[in-house]
Amino acid sequence: MIPKDYYDVIVVGAGPAGSTAALYAAEHGSSVLLLDKKKELGSPIQCAGFLPDASEIQALLPDAKLPNYLKNYPCSCVLQRIKTQRIISPNCSVKEFAVRGAVLDRRRYDQFLAEQAAKEGVELMIKTCVTKVEGTTVETKGIYGKHVIIAKAIIGADGPNSLVAKSKGLSFKPGERETYVALEYQVRNVDIDPDSLEMYFGNNFVPGGYAWIFPEGEDRANVGLGIRIRMAEKGVSVKEYLNRFIQDHPIAGQKLKNGVFLNVIAGIIPVNGAPKRTATEDSLIVGDAAGHIIATNGGGIPPAMIAGKVAGETAAEFVAGGCRLEEYDHRWRIQIGNAIETSVHIRRLMDGLIKSDTLMNAALKLISPDQMKIMQCGKLPDLVKIGLQAINRRQK
Ligand SMILES: Cc1cc2nc3c(=O)[nH]c(=O)nc-3n(C[C@H](O)[C@H](O)[C@H](O)COP(=O)(O)OP(=O)(O)OC[C@H]3O[C@@H](n4cnc5c(N)ncnc54)[C@H](O)[C@@H]3O)c2cc1C
């Protein structure tokens, strides 16, 4: 494919944020080019793939206007439907609450989203890396050769190490960003509860973070962990922690002892919310590039797509002369800003506890399953807040 020299909107990155932004920009009348460096969209997968049902997302983000394909997607994208979530404390006590959703095949889902954008008239170039962004000029290099393309607006949906954010002065300063470093395996022959998500805590296995076992249908599971490197033992790698969890955890170890490991995936999850500014006069950032993540559970697909819709609509309105692009910043915060900020606040509160298994056991004992669900969703019930602050104070 040979791109044109000029588009209204160029979207860098065809993940959930980018494809959604591209679709809505095109639907609102813009000519749109969507670029991704991957040769196969969604692959390698860097996600455990859990997506709550629309009703759960709406309860978590009551002010959000959900894009269509966050609510409606084909069954072929679903690996497993989910009914419950379990939290396993460092001392192995278990709490469970109801949650409705699906573990998605991210490869299929990302491709489905890009396809819907293309049906709306978006031009898609895969295996095309954006190498430079200057003003509204984008330089690309890839399977279709080298190109210099101009747009009126650039949307950076290029993930946690966003080139667009760096080029536009929208990223966090070095040292300001907090991330989970994540590693996960796809495993077969797991003794698994097929409709339950499991999250495990405990410093011996997951310092400053949590491990998970997410069912992927039949006897398959996604088994992974996200840790905070500054809280880890010196000299112990993320891979060593994950292997330790798989071999030695009293509950998980039993489920995984006959596992056949098919695939290993690494990634990072930004967990300190969005930077102060997410838009300039000609560019904006969205999804992981903008820290659109619920920091308590690492859920990034819903906020990426909700903000993606706002990004696409705002870019198209800007191109048509109807608004300033900077209005995007205010518009997405109205819909999901509160939930993201509160989730960061809860994660920081939990940071004080998570360093100590004793405190974490006490905290998880104190919190009821219903309250856990509320916290997972980035909200902090008053009673829990008071209890956690008291435990934190006792620690100091
Ligand atoms: C291990 C792990 C497990 C997770 N599990 C879950 C989960 O269960 N549920 C959930 O909701 N979230 C989960 N997340 C978070 C979720 O994956 C992300 O929040 C989500 O993918 C964000 O979408 P995005 O479109 O912003 O970014 P991405 O999906 O990262 O897409 C960015 C795209 O930009 C492209 N790109 C980057 N740079 C360039 C460039 N220079 N030129 C061209 N293309 C470029 C990339 O190839 C990529 O396709 C997890 C994350 C990790 C790491």
Listing Lys38, Lys4 by rising number of other beta-carbon atoms within 10 angstrom, fewest first, gives Lys4, Lys38
Ranked by GNM mean-square fluctuation in the chain (Cα springs under 10 Å), the top entry among Leu262, Leu242, Leu353 is Leu262
Quick query: amide H of Val78 versus all other amide H atoms, modeled in the peptide plane; which residues come in under 5 Å with a sequence gap of 5 or more or a different chain? Asp105
Can you sort Ile301, Ile10, Ile367, Ile268 from fewest to most other Cβ atoms within 10 Å of each residue's own Cβ? Ile268, Ile367, Ile301, Ile10
For Ser283, other-chain or 5+-apart residues with amide H closer than 5 Å (H placed, Pro excluded) are Ile154
For the chain, the charge dipole (Cβ of Lys, Arg +1; Cβ of Asp, Glu -1; about the Cα centre) points to a positive end, and the Cα of Ala59, Val32, Ile294 closest to that extreme belongs to Ile294
Rounded to the nearest 0.05, FRET efficiency between Asn243 and Arg324 (Cβ-Cβ, R0 56 Å) equals 0.65
Partner lysines for Lys373 [C-alpha distance under 17 Å; skip if fewer than 8 residues away on the same chain]: Lys83, Lys95, Lys365, Lys385
With contacts defined as alpha carbon pairs under 8 Å and 6 or more residues apart, what's the relative contact order of region 179-270 in percent? 43
Cα centroid separation, region 130-149 to region 36-54 (Å): 24
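Could you give the size of the charge dipole of region 1-93 about its Cα centre, using +1 on the Cβ of each K and R and -1 on the Cβ of each D and E, expressed in debye and rounded to the nearest 20? Walk me through the numbers on the way to the answer.
Working: 9 positive and 8 negative charges, 76 e Å.
Dipole magnitude for region 1-93 comes out near 360 debye.
For the chain, what is the charge dipole size about the Cα centre, in debye to the nearest 20, if Lys and Arg each add +1 at the Cβ and Asp and Glu each add -1 at the Cβ?
On the way: 49 positive and 43 negative charges, 213 e Å.
Dipole about the Cα centre, nearest 20: 1020 debye.
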Which residues in region 353-370 have a backbone N closer than 15 Å to a point placed 7 Å from the Cα of Met231 along the Cα-to-Cβ line? 353-364
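Is the chain rounded, prolate or oblate when judged by the Cα gyration tensor, a ≥ b ≥ c being the square roots of its eigenvalues, rounded requiring a/c under 1.5 and prolate requiring a/b larger than b/c? Please list the in-between numbers first.
Numbers: a/c = 1.88, a/b = 1.59, b/c = 1.19.
Prolate is the answer for the chain, as a/c is 1.5 or above and a/b outweighs b/c.
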Cα centroid separation, region 231-255 to region 174-188 (Å): 14
Summing -39500 (n - 2.57) over the DSSP H runs of n ≥ 4 in the chain and dividing by its residue number, what mean residue ellipticity at 222 nm do you reach, to the nearest 500 deg cm²/dmol? -10000 deg cm²/dmol
Past 30 Å, Cα to Cα, is the threshold; run Lys39/Lys276; Lys234/Lys276; Lys37/Lys152 against it and keep the listed order. Lys39/Lys276; Lys234/Lys276
Order the peptides 281-293, 122-134 from the highest to the lowest mean number of other Cβ atoms within 10 Å of their residues. 281-293, 122-134
Region 280-380: trypsin sites (Lys or Arg not before Pro) in DSSP loop, at most 16 other beta carbons within 10 Å: Arg324, Lys355
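Assuming R0 = 35 Å, can you tell me the calculated FRET efficiency for the pair Ala54 and Glu218, based on Cβ-Cβ distance, to the nearest 0.05?
Numbers: r = 26 Å, r/R0 = 0.74.
Step by step, r from the Cβ atoms, then E = 0.85.
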Compute the signed sum of charges (Lys and Arg +1, Asp and Glu -1) over the other residues within less than 13 Å, Cβ to Cβ, of Pro52. +3
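Size of the dipole of region 179-270 about the Cα centre, Lys and Arg at +1 and Asp and Glu at -1 on the beta carbon, nothing else charged, in debye to 20? Walk me through the numbers on the way to the answer.
Working: 9 positive and 11 negative charges, 95 e Å.
Approximately 460 debye in magnitude.
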Mind sorting Asp248, Asp158 by how few other Cβ atoms lie within 10 Å of their own Cβ, fewest first? Asp248, Asp158
Distance-filtered residues of region 67-90 - backbone nitrogen under 13 Å, label point 7 angstrom along Ile143 Cα→Cβ: none
Sorted peptide list for 140-147, 313-320, criterion being average Cβ within 10 angstrom, highest first: 313-320, 140-147
Ranking Ile149, Ile334, Ser368 by how far each Cα lies towards the positive end of the charge dipole of the chain (+1 on Lys and Arg Cβ, -1 on Asp and Glu Cβ), the top one is Ser368
With point charges of +1 on the Cβ of Lys and Arg and -1 on the Cβ of Asp and Glu, referenced to the Cα centre of the chain, which listed residue (Pro303, Thr278, His345) lies farthest in the positive direction of the dipole? His345
Net length gained if the chain between Thr131 and Asp5 were fully extended (0.36 nm per residue, minus Cα distance): 43.7 nm
If each K or R counts +1 and each D or E counts -1, the residues other than Gln254 whose Cβ falls under 13 Å of its Cβ total -2
Where the centre of each part is set by its Cα atoms, how far does region 310-346 sit from region 67-91, in angstrom? 26
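All of the numbers you see were taken from the coordinates with simple rules; none came from a lab. Quick caveat, the model's predicted, so the values are computed rather than measured. Reconstructed Cβ throughout: ideal geometry from the backbone, glycine too, with neighbour counts over all protein chains shown.
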